[in-house]
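A.B. asks: Right, I'll just put the structure down here and ask away after.
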Protein chains: 2
Amino acid sequence: MPNNRDNGTMDAVYTAPGYLFRRMQQIAVAIFVEECRDFDLTPVQYAALIAIRTHPGIDATRLSAVIAFDRSTLGSVIERLETKSYIERKPAPEDKRVKLLYLTKAGSNLLRDITPAVDRVQSRILQPLKPADRKTLLTLLEQLVDLNNESSRVPLRAEDALEHLGRGS
Amino acid sequence: MPNNRDNGTMDAVYTAPGYLFRRMQQIAVAIFVEECRDFDLTPVQYAALIAIRTHPGIDATRLSAVIAFDRSTLGSVIERLETKSYIERKPAPEDKRVKLLYLTKAGSNLLRDITPAVDRVQSRILQPLKPADRKTLLTLLEQLVDLNNESSRVPLRAEDALEHLGRGS
DNA sequence: TGTTGATTGACAGTATACTGCCAATTTAGC
DNA sequence: GCTAAATTGGCAGTATACTGTCAATCAACA
């Protein structure tokens, strides 16, 4: 078999940034699931909980902007978090359309308990690299995500949450 | 509002590798969809087609190993590709369990036509970075995916396809 | 003030991803 | 050769993601 190495077009797939980012995302999720098996929480649910803790009383639309997750997807995420009693959804008195999100005590406790596991996740993802390379990759990755923000379907708008808080206070 | 900058825990989310890889994957998919709007093809379907072209007569299980996609997921991907007549599924004569995958003429033509768009996708993903940084990031990313291969739910096994070909020839 | 336009949350539909489970089939061990 | 274990593809169930659409509601403007 002389053509073991000339899989040709497959190499183009294996070295394409799009393919590599997909693989890394899958790997990161797999590590998260493994480390957090004891807690009934997914990566997206974790990010949502952190954002709600940081911005108590945020609504779903603003939450989606703050963590850059799709608003439609977030609907079911919020529903699951509410079913598990980690958050509460209260109608806003001054606007009958919006529902304000608050962390419950159970949600707060969960975040406290899961933090060490999540720290291990982030550490394990980059672990195979040399420390200097980890730093380099992370810096470039942050830059790239930021510079590509507008190419995303749901660009990150961290300020929107403050706008919202400005209303109430 | 004095605490604009101390969103504290959100910064931990924004700089976490897991979060950044998720964002980059979403961005990469968004760019793919935009560039390939004229073609009825998703990133996963594209990778599957390339792999089938490279390994004609591969079966679903080996295909999942060659592109490192989940076998269950791949079932519906293959079904969609077959519905769109880009591939054919033929029963293997020597093993009644397996169904062999082949690219059709339409699939072949599609790959030929879509290639420039896919090249633009890969180029656009890294475009915001300086050329030297693109190379650095890509190299580190390739290393990281390779070193984390076993942490993936479906590790890449490029050789399995050759094993399979060894049977028939 | 009354209508238009925007916003919010909900829903339907499609496409990954992953976990399990299952039947048919093949292979391995005895 | 016969049974047990492994393989293959399919299916059900859950969880992202994204596209649309829709009704209720609010805001802005004529």
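The values are calculated or read from the model by the stated rules, or taken from the named source; none is laboratory data. Since we're looking at a predicted model, the values are computed, not measured. Here the Cβ is made from the backbone with ideal geometry for all residues, glycine too, and neighbour counts use every protein chain on show.
A.B. asks: Are any residues in the range A:119-152 within 23 Å of residue B:152 (Cα to Cα) and outside any helix (DSSP H, G or I), and if so, which ones?
C.D. replies: Passing the criteria: A:127, A:128, A:129, A:130.
A.B. asks: Hey, does the range A:18-28 have a residue that's near DNA strand C (Cβ under 10 Å from one of its atoms), outside any loop (DSSP other than H, G, I, E, B), polar (S, T, N, Q) and within 11 Å of chain B (Cβ to nearest Cβ)?
C.D. replies: Yes, some residue in the range A:18-28 is near DNA strand C (Cβ under 10 Å from one of its atoms), outside any loop (DSSP other than H, G, I, E, B), polar (S, T, N, Q) and within 11 Å of chain B (Cβ to nearest Cβ).
A.B. asks: Something else now. Which ones in the range B:19-41 are surrounded by fewer than 23 Cβ atoms within 10 Å (Cβ to Cβ), without any contact (Cβ under 8 Å) to a residue 40 or more places away in the chain and of a type in the set (D, E, K, R)?
C.D. replies: B:34, B:37
A.B. asks: Anything in the range B:52-102 that is away from DNA strand C (no atom under 13 Å from the Cβ), touching a residue at least 40 places away in the same chain (Cβ under 8 Å) and small (Gly, Ala, Ser)? List them, or say none.
C.D. replies: B:57
A.B. asks: Also: Kindly establish whether residue A:77 is within 9 Å of DNA strand D (Cβ to nearest atom) and β-branched (Val, Ile, Thr). Before you say what the answer is, go through the steps one by one.
C.D. replies: Numbers: within 9 Å of DNA strand D (Cβ to nearest atom): yes; β-branched (Val, Ile, Thr): yes.
It is true that residue A:77 is within 9 Å of DNA strand D (Cβ to nearest atom) and β-branched (Val, Ile, Thr).
A.B. asks: Looking at residue B:103, is it hydrophobic (A, V, I, L, M, F, W, C), in contact with an Asp or Glu (Cβ under 9 Å, 6 or more places away or on another chain) and within 30 Å of residue A:31 (Cα to Cα)? Full working, then the answer.
C.D. replies: Values: hydrophobic (A, V, I, L, M, F, W, C): yes; in contact with an Asp or Glu (Cβ under 9 Å, 6 or more places away or on another chain): yes; within 30 Å of residue A:31 (Cα to Cα): no.
No; evaluated as a whole, the condition is false for this residue.
A.B. asks: Now a separate question. If only one of A:60, A:92, A:68 is near DNA strand D (Cβ under 9 Å from one of its atoms) and touching a helix residue (DSSP H, G or I) at 6+ places or on another chain (Cβ under 7 Å), which one is it?
C.D. replies: A:68
A.B. asks: Next up: Which of the residues that make up the range B:144-157 are closer than 18 Å to residue A:10 by Cα and surrounded by fewer than 16 Cβ atoms within 10 Å (Cβ to Cβ)?
C.D. replies: B:146, B:155, B:157
A.B. asks: Kindly indicate which of B:127, B:122 is of a type in the set (S, T, N, Q) and buried (at least 18 other Cβ atoms within 10 Å of the Cβ).
C.D. replies: Residue meeting the stated conditions: B:122.
A.B. asks: Select from the range A:34-57 the residues that are under 15 Å from the mean Cα position of the chain (by Cα) and more than 12 Å from DNA strand D (Cβ to nearest atom) and list them in ascending order.
C.D. replies: Correct list: A:50, A:51, A:52, A:53, A:54.
A.B. asks: Residue A:101 passes all but one of (1) more than 14 Å from the chain's Cα centre (by Cα); (2) crowded, with 19+ Cβ neighbours inside 10 Å; (3) within 28 Å of residue B:133 (Cβ to Cβ); (4) of a type in the set (A, V, I, L, M); which number fails?
C.D. replies: Only one criterion is unmet by residue A:101, namely (3).
A.B. asks: Working carefully through the options B:106, B:92, find the one that is surrounded by fewer than 15 Cβ atoms within 10 Å (Cβ to Cβ), at pLDDT below 95 and more than 20 Å from the chain's Cα centre (by Cα).
C.D. replies: B:92
A.B. asks: Return yes when residue A:85 is more than 8 Å from DNA strand D (Cβ to nearest atom) and either touching a helix residue (DSSP H, G or I) at 6+ places or on another chain (Cβ under 8 Å) or on the phi < 0 side of the Ramachandran plot (or both) and no when it is not.
C.D. replies: Judged against the criteria, residue A:85 is a match.
A.B. asks: May I pose another question? Read through the list (1) within 30 Å of residue A:145 (Cα to Cα); (2) surrounded by 15 or more Cβ atoms within 10 Å (Cβ to Cβ), then give the number of the only condition that residue B:78 fails.
C.D. replies: (1)
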